[in-house]
Each structure stands twice: as structure tokens, then as C-alpha cells.
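A.B. asks: Could you have a look at this structure, given as C-alpha cells, before my questions?
The values are calculated or read from the model by the stated rules, or taken from the named source; none is laboratory data. Model, not experiment: these values are computed from the prediction. Here the Cβ is made from the backbone with ideal geometry for all residues, glycine too, and neighbour counts use every protein chain on show. SASA here: full protein model, heavy atoms, side chains in, ligands and nucleic acids out. Shrake-Rupley method; radii C 1.70, N 1.55, O 1.52, S 1.80 Å.
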Amino acid sequence: GIRISQSDMEDLLMQTLDGEAPKVFTAAYKESRIVGCVKVERMSDSEAEIGMFAVDPAYQSRGLGTMLIDKAEDYSKKVLRARKCVMYVLDNRSDILEWYCGARGYERTGEKVPFPTDANVGTPKQTLQFERIEKAL
């Protein structure tokens, strides 16, 4: 489904470019097409949130996702001086949770957050919620 509306994405990019928010948005390109992206945002003096992480299915399992997450964690640690990265992952995506908590070293916290049904991204066909995972840097 839709993760973000076009107008919300344009607003996010403008905030990032204008320096209005403590966040950075990175995209990977193949020619002039975006094939991957990730957003990093300072949540507190010690915590950065990694979100909006996506890789075009045609470019998955090629190391692009690993590179984007590596860059996001590195930015969180070196630039934001965060001691912890957090992510919110749909709790019904066991494959993704296994990747983050296995290969990437994140830990499941058990904290659940409801899916934002008012986020202008449509209505889910099933009840969704996010699980908070985190990694010490």
C-alpha cells in the first residue's frame, strides 16, 4: 500500500532541504530513477529514528538495503551523536523483523504502536500495528 502521499513527501523533502527539522533523507539512484531511500531523524539527544526505508524489489538482495541502513546508522552515530537507533516495523512482517534482528543486530522491545489510520495513506485491509525495535550504536 501507499506509505506516504506525494504532497507529504514533498513537504518532508522541503523541510529537509530548508533545515527546518533535524532529519536527513537519502536516496539511491539508478540513472535518474530512485531505487532506494531512507530517512533519519533525531528523536532526542540520545536517539535517532530510521524510517521510510525502502528498496525497489528489482534491486533487493543486491546489498543496496544494507548500504542504506549502514549509512543511516553511521549518520545517526557520527553526526547526530545518537547512542541508539530505533525503527518501527509492521509486526506482521516477520521476514523483515528477522532481517533487522538477525543480520542487523536490532532487538525487539515488545512495544506496539497502532497504524496511523489518519496519515493520508489509505485504509488498511486488516488491523496493522508497528513494533519498536532498537539497536545500541
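A.B. asks: Just by accessible area at a 1.4 angstrom probe, what is the order of R42, R83 from largest to smallest?
C.D. replies: Details: R42 85, R83 160 Å².
Sorted by accessible area, descending: R83, R42.
A.B. asks: In straight Cα distance, which lysines are under 28 Å from K30, not counting same-chain residues fewer than 8 positions off?
C.D. replies: Partners within reach: K39, K71, K77, K78.
A.B. asks: Still on this structure, please answer the following. Got a number for the accessible area of T26? Probe 1.4 Å, square angstrom, nearest 10.
C.D. replies: Its heavy atoms expose roughly 60 Å² to the probe.
A.B. asks: For a quick check: with amide H placed at 1.01 Å from N, whose amide H comes under 5 Å from L90's, ignoring anything fewer than 5 positions away on the same chain?
C.D. replies: E131
A.B. asks: Working only with C-alpha atoms, what are the Rg and Dmax values of the range 64-137, expressed in angstrom?
C.D. replies: 13.7, 40
A.B. asks: For a protection proxy built on the mean count of beta-carbon atoms within 10 angstrom, sort 31-39, 67-75 highest first, please. The partial results should precede the final answer.
C.D. replies: Details: 31-39: 14.3, 67-75: 17.4.
In descending order of packing, they fall as 67-75, 31-39.
A.B. asks: Something else about it: Amide H to amide H under 5 Å from L128: which residues, 5+ apart in sequence or cross-chain, H placed 1.01 Å off N in plane?
C.D. replies: Answer set, sorted by chain and number: F115.
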